[in-house]
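Nothing in this text is a laboratory measurement; each read-out follows from the coordinates by a stated rule. These numbers come from a predicted model, not from an experiment. Counting neighbours? That spans all protein chains shown, and the Cβs are built from the backbone with ideal geometry, glycine included.
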């Protein structure tokens, strides 16, 4: 019986690339489904009845579902090129692919990194308000946050936050820091076009932490108190791989600024990246059958 | 105070506003076509919880006074595009405003019909099929494939009685597969397709409203009862009581999905087995209320006021 590790994402994603290369160097069978190049070509058949079984094949590789021992799931749900995605058919194909892969991952008994709950399907990047709604028992502290269509309310919030705050769009991952009264005035014209999503700036040491399985990898040293908070939060969201952006204050309070359920390794330092990849490989192999 | 969010052109919003008026329950209708503008919003969240207000032409309403929210997540329709921005920018602006509202509804502590985060499982029918089967419902024999030969074999195995439909909520129309369709099967290579064995029986729509279960039996000679009127077929709808274990499975399923109100599609076979096809997070109960006279919107209104 063959055994495969399935990687679903994009071939040019460093995480997919590095994990595939490491697994292959260890003699593992890797099947990489590069989601924007699957149709036509993917051979997929899944029967759902009282039992669920099926096969999956691409080019020369073919696997029964029970031969898949682990999955690294890093797909976006877009199964076509950006140009095709602008068309009705491209969007339809992507909806169908997304629907298929969510159900497929749910049926597999092997480790899946990550098998996202439906609440996270369209929200892989969580800001404090998301975290507070999804993790009611959240032990991290979070910066005060306001969403408003009123510039006057934004000004009052600026004062409440001690004259500094951060503006972030609700649907993009960018941040704009505001430290002066002149700068905050720029929110006035913006408020005519967009809701203002503002958060207080917390002073302290910024840290990046990656949870991989039961390990926490910080970009800078080890931090026992922060580690347990990361593990608890990841566990409550059933995540075995995620990235936290944190602030540790001088009083040793831990603030969580964001949580990414599909961490990118683009901006990682090489040492952190290598540790993350090694842990991912270890996590994926932990579910492997002993060869018989 | 009850908050209703949506657009008045949506029949469900119109029904709920009319029902709340009729029952004398105070409510605020946040017209998404006039947000921002005539309606504005400020909310903040801290360790103490959510705080804020909605300003409307009729006044300013504290979020703390809201006992329940009825929301329909519709695309903005008919809104005017701002000058000087591209179509893509316009789409992004609208997404930002919609997100400002949806995120609020996700964190409000009151009853919300329904929170966005509870509504997405319906976007994957196979995911839902796996979910409903854990509550003891039967589910139809199903094949999802990109391989024409597998689809052909399934068609034969099922005695040529199968349907096909989308896997997601997009273009979700059920169609019977016939011999004439065999020549088109090659197309499944381009897009995964779902085939299901036909299950003969009586259609039942169950609405769960909190812990309340309202079941409607539907009989029609149309292939899909939802289109009976428009295709000139008769439709009979009547209130029924479900066996206790089936009713309980419905509420457990809805609770597990985080849906305070749901529409569950069942079919009862001649040997009294209950098949479940779907759990709808934004059910259009107007159709069923009209057809059967069951007071579904009243039950929803009571839930929103916090009566139960």
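Between residue B:272 and residue A:205, the FRET efficiency estimated from the beta carbon spacing at R0 = 60 angstrom works out to 0.40. Rounded is the label for region A:145-200. Its Cα gyration tensor axes, ordered a ≥ b ≥ c, give a/c under 1.5.
The GNM of chain A, with springs linking C-alpha atoms under 10 angstrom apart, assigns the highest mean-square fluctuation among A:280, A:116, A:194 to A:194. In chain B, the longest principal axis of the Cα atoms and the axis of helix B:87-107 are about 80 degrees apart. Between residue B:46 and residue A:271, the modelled labels are 3.9 nm apart [label points 7 Å from Cα along Cα→Cβ].
Which whole-number percent is the relative contact order of chain B (Cα, under 8 Å, 6+ apart)?
Numbers: 519 pairs, mean separation 55.0, N = 308.
Taking the mean separation of contacting Cα pairs over the length of chain B, I get 18 percent.
Enclosing the Cα atoms of region B:2-113 in their convex hull gives a volume equal to 107 cubic angstrom per residue.
For chain A, the longest principal axis of the Cα atoms and the long axis of helix A:14-25 meet at an angle of about 30 degrees. Across B:247, B:71, B:228, mean-square fluctuation computed from a Gaussian network of chain B (C-alpha pairs under 10 Å connected) peaks at B:228. Residue A:24 to residue B:156: FRET efficiency via 1/(1 + (r/R0)^6), r the Cβ-Cβ distance, R0 25 Å, to the nearest 0.05? Result of the calculation: an efficiency of 0.05.
For region A:1-128, a/c is less than 1.5, where a ≥ b ≥ c are the root eigenvalues of the C-alpha gyration tensor. That puts it in the rounded class.
In percent, rounded to a whole number, the relative contact order of region B:163-275 is 26, using alpha-carbon pairs under 8 Å and six or more apart.
Peptide A:112-122 has a mean shielding of 3, counted as Cβ atoms of other protein chains within 10 Å of each residue's Cβ. Computed from Cα positions, the angle between helix B:244-257 and the longest principal axis of chain B comes to roughly 60 degrees.
Over the alpha-carbon set of the protein assembly as shown, divide Rg by the Kirkwood Rh and report the Rg/Rh ratio to two decimals.
Numbers: Rg = 25.4 Å, Rh = 26.2 Å.
Rg/Rh for the protein assembly as shown comes to 0.97.
Across peptide B:87-99, the average count of Cβ atoms from other chains found within 10 Å of a residue's Cβ is 3. Please figure out what share of the DSSP beta bridges in region B:2-113 is antiparallel and state it in percent, rounded to the nearest 5. Antiparallel bridges make up about 50 percent of those DSSP assigns within region B:2-113.
Which whole number gives the average, over all residues in B:100-106, of C-beta atoms from other chains lying within 10 Å of the residue C-beta? Present the calculation step by step, with values, prior to reporting the outcome.
On the way: counts 9, 2, 1, 10, 3, 1, 7.
That works out to 5 on average.
Shown is the FRET efficiency for residue B:14 and residue B:94, computed with R0 = 30 Å from the Cβ-Cβ distance and rounded to the nearest 0.05: 0.85.
Please compute the contact order of region A:4-114 in relative form: average sequence separation of alpha-carbon pairs under 8 Å and at least six residues apart, divided by the residue count, as a percent.
Value for region A:4-114: 27 percent.
DSSP beta bridges fully contained in region A:4-114 are about 45 percent antiparallel. Residues of region A:121-156 with an amide N closer than 19 Å to a point placed 7 Å from the Cα of residue A:180 along the Cα-to-Cβ direction: A:155.
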